[in-house]
Amino acid sequence: MKRNKYSLFALVLALMVVISGCNSFGASEKTTTKGSGKSDGKKEVVEKVLNLNNSSEPGSLHPGTAQGTHDSWILEHAFEGLTKKTPEGEIIDGMASVPTSDDGINWTFKIKKDMKWSNGDPVTAHDFEFAWKYALAPETASDYAYQLFYLEGAEAYNGGEGTADQVGVKAKDDVTLEVKLAQATPYFLDLTSFYTYYPINKKIQEENPKWFTEATSYVSNGPFKLTEWKHKESVKLEKNENYYEKDKINLDVVNFIILEDENTAWQMYKSGELDLAYPLPQDVQGQLAQSDDKEFHNGPDLSVYYYNLNNDVKPFNNVKVRRALSMAIDRKTITENVAQGGQQPAYSVVPPGIPDVNGDYQENTGDLFSEGIEEAKKLLAEGLAEEGMDKLPEFSILFNTSEGHQKIAEAVQEMWRKNLGVTVTLENTEFQVKLDREKAGEYQVSRAGWIGDYVDPMTFMDLWTSESAYNDANWKNAEYDKWIAEAKQTMDQQVRMDNMHKAEKLLMDEMPIIPIYFYTKPHTVKEYVTGVYTPINRYPQFIYADIDMDAKE
Amino acid sequence: MLKYVLHRFMWAIITLWATITITFIIMHSIPGDPFAKEGTMPESVYENLQRHYNLDKPKIVQYFFYLKQVALLDFGPSLKSKTLTVNDYIEKGFPVSFHLGAQAMIIAVFFGLILGVIASLYRKRWPDYTSMIIAIIGISVPSFVLATLLINFLAVKWSFFPVATWKSWSHTVLPSIALAMMPLAYIARLMRTSMIEVLNQDYILTAKAKGLRKNAVIIKHAIRNALMPVVTILGILTANVVTGSFVIEHIFGIPGIGEMFVKGIMNRDYPVILGSTVFYSAILIFLIFIVDVVYTWIDPRIKVTGASK
């Protein structure tokens, strides 16, 4: 009896010892003990450390198989492509000097002198050829291989119908890279700054195909190098001493934590454990957007939030009905009171921030339609009459389950009910299911969004051609197809932009989709951090960031 | 005893096989696709992915392939990560979830039993009401609310603990408390009910009549017998807690395995769904077995024998 009681007690004690002894905090604890790396005796040099949140564990830090912002935010700081972009968005020399091409098909890149990998190896043209072909190889099974389909023979190789030798990229020697595209692509130099186009160290990849899964074997060529990766916990970048512009890099260390909950991340930002917060919780965005907080920044984003109307379903086949639904939505109310992130109401589909021949493409477009309840009512009645209906039948808005989408759908539901007297139901499903139903055409109205792949209006405009895989609205228009096809075949910017403006006007006259707003990138940065900039199609970049250590204290 | 263990082991294997089979069928019959062709993904890219992960094969071939893999303790690659396999997820995540869960269970059992015993001894007096109010709060307040409150006050306002992430022992305190509340409340209520019942038994009266001191009666006779129902649910509670909580791990940014199952389903990441189901089932089966063995230790009247009888 007695013995039993004590043994139970002993068991609990033993368990506690085991637990307190067991270390589940990752393999190394180097971070805290490291201290200042380069004290030169006279003055203690304090390391400049930037702390931020990467939200999710990267799925792949290999440029060839990376496919999301949780991969790319780190890659964009660890790697550099043939070209890169200034904070102002101008394309400048990266690993190679910026070439010109008369036909937009043949491009010859010259790798600059003394470009090095973080392990000291020289960066060669072969590394680029190898990397691009690696991403395209069918056995690599890369989600983003299609980003390279601009190259001649690339799609055939990826589809198992061609060979690697037929792909239009060839290293003539260590410094000359010849690229041949399938068709003229005026924005190709923008693409070469994108992460699928980054090089990989051929030698490393051949020796150890798993090099990108651990920090110890990781080799990159950008301003920072990966020095520690505690899976699902944190990623640590340090300044790359082999980077050619290392004198312009001020940060010594960048610590990414991996924390999915935006609210907790915001609390960590407030308590000073993070220096930059993005993305922000929705209600926080709302409050900050209306305040004049100096830490709050907002920038344009290359993406649009819109509703698909299924043009195969009666009466959405009628243009007057479609226009009526669009005109009955009060977008300003949605952005200011519902979405609350400083978004911009959209009266066209191509977001601001893309250069036109002169000025900004979206500004030149202007508003392509206007809102108006009376006009909407009239159009709806006419449209219904044309379809032989006396009243719009009940239909549903399909969206993927999310609080934000729900609120917007509710607002639209109410606006359509009040303004047009239409009964609308809401239907939420998982994201994967929504995609399935859109592809199968089993919906009436669905929420959608599109993030541009490159900085050119075409990344939006070719979504609604008859052949496009993302034309879930099932809208087909020969004239639209013709304008887009023409724009795709020429290098003449004037012709391209004119065609796309005309096509966009036609799209908005026909209204197969209802644009709601253009996303923005609201984020906060502590005031002692300077030099963070936000390119239109990237997360906030901190390549040239600096920390005022006195102000931080 | 050995015969009993072998017998249980055989049933465990059959249960696991049934779990895999049912999960496999359900998983493939829900709509959605792991590589849903969002946006402009061309057919060739989609087909390469399907081929790479053997998803182009007939379902029955995939099923037997998977059974063979599991027999070799290999749960396969995750469809959403080129870096970590399902085995990596479990190997890296389980120690973390186990650590957190064990701390939470220690808190829950320790305070749960104390609250339950106090409540039963002072029945319908203020210690009883206080304990039961704590228990009701513990059961009814969702863990994400509690976690948020803990972060807001103990971390942000008063800076006693770090807000989140998993770096040192002090990082574990808040999530442990948040995770412990539910089982704590559960144990407290069960212990109270069970104690009250035991205290009304004849043998307690006998013990008192023999002139045993009150403390001796309570500790030796009452608590020991009252523990039985608590031990019964302890197996399931522990299995629940040590396999990680999606909500707590999500809020505190803890690299455990709590998110595996939920995110696996959301992403239609088939190997992750199967792997986490198998793993969770194995843990549950093992803990229920432990509970059965512990019964005999607490209550000598129960004997472990073979299945017959």
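The values are calculated or read from the model by the stated rules, or taken from the named source; none is laboratory data. Just so it is clear, the structure is predicted and the values come from calculations on it, not from any experiment. Here the Cβ positions follow ideal geometry from the backbone for every residue, glycine too, while neighbour counts run over all protein chains shown. Ligands, DNA and RNA are stripped out before the accessible areas are found, and what is left, the full protein with its side chains, is counted by its heavy atoms. Shrake-Rupley method; radii C 1.70, N 1.55, O 1.52, S 1.80 Å.
So if I check each of A:THR83, A:THR108, which one is open to solvent by 20 Å² or more (accessible area, probe 1.4 Å), in contact (Cβ under 8 Å) with a residue 60 or more places away in the chain and either within 11 Å of chain B (Cβ to nearest Cβ) or within 30 Å of A:GLY359 (Cα to Cα) (or both)?
Working: A:THR83 fails: open to solvent by 20 Å² or more (accessible area, probe 1.4 Å).
Going through A:THR83, A:THR108 in turn, the sole match is A:THR108.
Could you pull out every one of the helices (runs of 4 or more DSSP H) wholly within the stretch B:92-202 that has 3 or more residues that are more than 13 Å from chain A (Cβ to nearest Cβ)? Explain how you work it out, then say what you get.
Numbers: elements: B:126-140, B:143-150, B:169-199.
Helices (runs of 4 or more DSSP H) meeting the threshold: B:126-140, B:169-199.
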When the stretch A:496-512 is checked residue by residue, the ones that are open to solvent by 40 Å² or more (accessible area, probe 1.4 Å) and either closer than 14 Å to A:MET461 by Cβ or not in a helix (DSSP H, G or I) (or both) are A:ASP498, A:HIS501, A:LYS502, A:LYS505, A:GLU510
Give just the number: which of (1) of a type outside the set (Asp, Glu); (2) more than 7 Å from every other protein chain (Cβ to nearest Cβ); (3) buried (at least 17 other Cβ atoms within 10 Å of the Cβ); (4) in contact with a helix residue (DSSP H, G or I) (Cβ under 7 Å, 6 or more places away or on another chain) does B:SER44 not satisfy? (2)
Checking B:VAL291 against (1) open to solvent by less than 30 Å² (accessible area, probe 1.4 Å); (2) at pLDDT 85 or above, which test does it fail? (2)
Test: residue in the stretch A:129-141 that is part of a helix (DSSP H, G or I), out of contact with any Ser or Thr (no Cβ under 9 Å at 6 or more places or on another chain), surrounded by 19 or more Cβ atoms within 10 Å (Cβ to Cβ) and free of Cβ contacts under 8 Å to residues at least 40 places away in the same chain: yes
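Quick one: would you say A:ILE200 is within 14 Å of chain B (Cβ to nearest Cβ) and on the phi < 0 side of the Ramachandran plot?
On the way: within 14 Å of chain B (Cβ to nearest Cβ): yes; on the phi < 0 side of the Ramachandran plot: yes.
In short, yes.
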Considering only the stretch A:470-495, how many residues are surrounded by 15 or more Cβ atoms within 10 Å (Cβ to Cβ) and small (Gly, Ala, Ser)? 2
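Looking only at the stretch A:250-269, which residues are under 22 Å from A:ASP548 (Cβ atoms), aliphatic (A, V, I, L, M) and buried (at least 20 other Cβ atoms within 10 Å of the Cβ)? Even if it seems obvious, please write down each step before you answer.
Of the stretch A:250-269, the ones under 22 Å from A:ASP548 (Cβ atoms) are A:250-256, A:268-269.
The next check asks that each one be aliphatic (A, V, I, L, M); those that pass are A:251, A:253-254, A:268.
Across the stretch A:250-269, the qualifying residues are A:LEU251, A:VAL254, A:MET268.
Select from the stretch B:1-52 the residues that are of a type in the set (Ser, Thr, Tyr), within 26 Å of B:LEU73 (Cβ to Cβ) and free of Cβ contacts under 8 Å to residues at least 60 places away in the same chain and list them in ascending order. Quick ask: steps written out before the conclusion?
From the stretch B:1-52, those of a type in the set (Ser, Thr, Tyr) are B:4, B:15, B:19, B:21, B:23, B:29, B:40, B:44, B:46; that's our starting set.
Keeping just the survivors that are within 26 Å of B:LEU73 (Cβ to Cβ) gives B:4, B:15, B:19, B:21, B:23.
Matches in the stretch B:1-52: B:THR21 only.
Do we find that B:HIS28 is surrounded by 15 or more Cβ atoms within 10 Å (Cβ to Cβ) and closer than 30 Å to A:TYR146 by Cα in this structure?
On the way: surrounded by 15 or more Cβ atoms within 10 Å (Cβ to Cβ): no; closer than 30 Å to A:TYR146 by Cα: yes.
Considered against the rule, which asks whether it is surrounded by 15 or more Cβ atoms within 10 Å (Cβ to Cβ) and closer than 30 Å to A:TYR146 by Cα, B:HIS28 comes out as no.
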If I ask for residues that are touching a Leu at 6+ places or on another chain (Cβ under 6 Å) and part of a loop (DSSP other than H, G, I, E, B), which ones from the stretch A:318-344 would you list? A:ALA328
The lone condition A:ILE257 fails out of (1) closer than 24 Å to B:LEU150 by Cβ; (2) free of Cβ contacts under 8 Å to residues at least 24 places away in the same chain is (2)
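Here's the yes/no breakdown for (1) in contact (Cβ under 8 Å) with a residue 60 or more places away in the chain; (2) closer than 30 Å to B:LYS263 by Cβ:
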| residue | (1), (2) |
| --- | --- |
| A:ASN400 | no, yes |
| A:TRP416 | yes, no |
| A:VAL445 | yes, yes |
| A:SER466 | no, no |
Report yes if some residue within the stretch A:454-464 is farther than 30 Å from A:PRO281 by Cα and surrounded by fewer than 20 Cβ atoms within 10 Å (Cβ to Cβ); otherwise report no. no
Of all residues being among the charged types (D, E, K, R) and in contact (Cβ under 8 Å) with a residue 60 or more places away in the chain in the stretch A:513-553, which is least open to solvent (accessible area, probe 1.4 Å)? Just the residue, please. A:LYS521
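Could you please give the count of residues in the stretch A:111-128 that are on the phi < 0 side of the Ramachandran plot and either surrounded by fewer than 16 Cβ atoms within 10 Å (Cβ to Cβ) or not in a loop (DSSP other than H, G, I, E, B) (or both)?
Initial filter on the stretch A:111-128 (on the phi < 0 side of the Ramachandran plot): A:111-113, A:115-119, A:121-128.
Those still in the list that are either surrounded by fewer than 16 Cβ atoms within 10 Å (Cβ to Cβ) or not in a loop (DSSP other than H, G, I, E, B) (or both) too: A:111-113, A:116, A:119, A:122, A:125-128.
Number of matching residues: 10.
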